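Take a look at the structure below.
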Amino acid sequence: MIEELEKLKQEISEFKAKSTEELEQFRIKFLGRQGVFKDLTSNFRSVAKEQKKEVGMKLNELKNLVQNKIEDFTSTDADSDSKTSEDFTRSTAGAELGSRHPISLIRREILDIFSRIGFSISEGPEIEDDWHVFEALNFPPEHPARDMQDTFFIEKDPDMMLRTHTSSVQSRVMKSTTPPIRTVSPGRVFRNEAISSRSHCIFHQIEGLYIDKDVSFADLKQTLSYFTKEFFGKTEIRLRPSYFPFTEPSAEMDVYWGLETETDHRITKGTGWLEILGCGMVDPNVLTNCGIDPKEYSGFAFGMGIERIAMLKYQIDDIRVLFENDVRVLNQFRGA
Ligand code: PHE
């Protein structure tokens, strides 16, 4: 038996696998269920008592030799695939971090500005019912915004739709909370529009809602003025009369951008003023619809499109740039 073991030792020592398959055959030959070691172990029983110690040691030595051969191969001679996946010594210096999308950056900055003056953040579903998107917000049944032109309806249930504005979140908050309410609602909205350099079917909004006793138009103006200063670093705003079904009175807020550069002239069409958002005092009908007594409470609301603000801030001319995820664009926001 000793002799047999010596022969095997030589065979194992000389073995050199050229491929993983060869190594596997080697493993099966020696360590497999019907392998060499299985035989040797059963033969071991018949070995004379005084030889047992020596044979046992040799057997162990051989087993270790086989094991080492297999391990050595996996860590050094293995084919290149398994080599890269196991190479823990590679430097991580080349790993590149991604960047935040400009929409996320702007969204975060706006929410941050409002949270500093006590606004909470609220979110709601993108698939909404008619009540939250339109009815609660005082849209008459024949209002053009309900038209198929603007709204994506859910075919199986005409009462359900993709929300066209995040004002739907405000209906939800008003319905479920007793004032005071101070909240901003960011989210994706959907409108059935032709995609062009200035419009896209999916875009993002942030809406604000403030309801308490004695909230006045002056509070609205002050809040927007604070936001404009924090976000754009501009101090002059103006409120132009406008119309929204859910606010009365309603206004459009412009910021005085200036007329210093050629770009200023172009984006403000030579006026120096830029339209930023829609706003107004929450219509008493809306408060009533949502279970808030308009005799006791009043409030204001405002809403803006994040894409528009991002385009202004980063001087992007075409809205589609924000949806293409071209790394040459995204890389410019690294570390922001
Ligand atoms: N919901 C309006 C829109 O989608 C914006 C708005 C919000 C206007 C709140 C006034 C008050 O355009």
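Here are the numbers for this structure:
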quantity	calculated
Chain lengthening between Glu230 and Arg100 when straightened (0.36 nm per residue, less Cα-Cα)	44.7 nm
Total charge dipole magnitude, the range 2-85, about the Cα centre, Cβ charges on Lys, Arg, Asp, Glu only, Debye to nearest 20	460
Within straight-line cross-link reach of Lys213, lysines at Cα separation under 22 Å, skipping those fewer than 8 residues along the same chain	Lys175, Lys221, Lys295
Share of carbon and sulfur in the accessible heavy-atom surface of the range 1-80 [1.4 Å probe, %]	49
Leading residue at positive end of dipole, the chain (Cβ point charges), from Pro241, Ser122, Leu209	Ser122
Between the range 221-284 and the range 156-220, the alpha-carbon center distance in angstrom	18
Accessible area of the chain divided out per residue, in Å², using a probe of 1.4 angstrom	58
Sorted peptide list for 102-108, 249-255, criterion being average Cβ within 10 angstrom, highest first	249-255, 102-108
Relative contact order [Cα under 8 Å, 6+ residues apart], the chain, whole percent	16
Under Karplus coefficients 6.51, -1.76 and 1.60, residue-wise ³J(HN,Hα) of the range 103-110 in Hz, glycine/proline x	5, 5, 4, 5, 4, 5, 5, 5
Helix-only CD estimate at 222 nm, as mean residue ellipticity for the chain, using -39500 (n - 2.57) per DSSP H run (n ≥ 4)	-11500 deg cm²/dmol
Amide hydrogen neighbours beyond the local backbone of Arg100, cut-off 5 Å, H modeled	Gly335, Ala336
Kirkwood-based shape ratio for the range 137-282, expressed as Rg/Rh from alpha carbons	0.99
Hydrodynamic radius of the range 1-139 per Kirkwood, over alpha carbon pairs, in Å	22.1
Selection from Gly56, Ile12, Gln25 lying farthest towards where the dipole of the range 1-64 points positive, charges on Cβ	Gly56
25 °C / 0.890 mPa s Stokes-Einstein diffusion coefficient of the range 272-336, Kirkwood radius on C-alpha pairs, µm²/s	162
Pairs of Lys in the range 2-85 closer than 13 Å at Cα, counting only those 8 or more apart or on different chains	9
Per-peptide average of other Cβ atoms within 10 Å, ordering 315-328, 172-185 highest first	172-185, 315-328
When the convex hull of its Cα atoms is projected in every direction, mean area for the chain (nm²)	30.5
Positive-pole candidate from Gln170, Ser46, Ala251, dipole of the chain, charges at beta carbon	Ser46
Estimated dipole of the chain in Debye, rounded to 20 [Cβ of Lys and Arg +1, of Asp and Glu -1, Cα centre]	1140
Packing-based ranking, highest mean first, of 18-24, 45-51, 271-277 given that Cβ atoms within 10 Å are counted	271-277, 18-24, 45-51
Carbon and sulfur %, accessible surface of the range 102-333 computed with the full protein complex present, 1.4 Å	49
Alpha carbon centroid spacing (whole Å) that separates the range 1-78 from the range 298-336	67
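The values are calculated or read from the model by the stated rules, or taken from the named source; none is laboratory data. These figures come from a predicted structure and were not determined experimentally. With ideal geometry, Cβ positions are generated from the backbone for all residues, glycine too; neighbour counts draw on all protein chains shown. Ligands, DNA and RNA are excluded from the accessible area calculation, which covers all protein heavy atoms including side chains. Shrake-Rupley method; radii C 1.70, N 1.55, O 1.52, S 1.80 Å.
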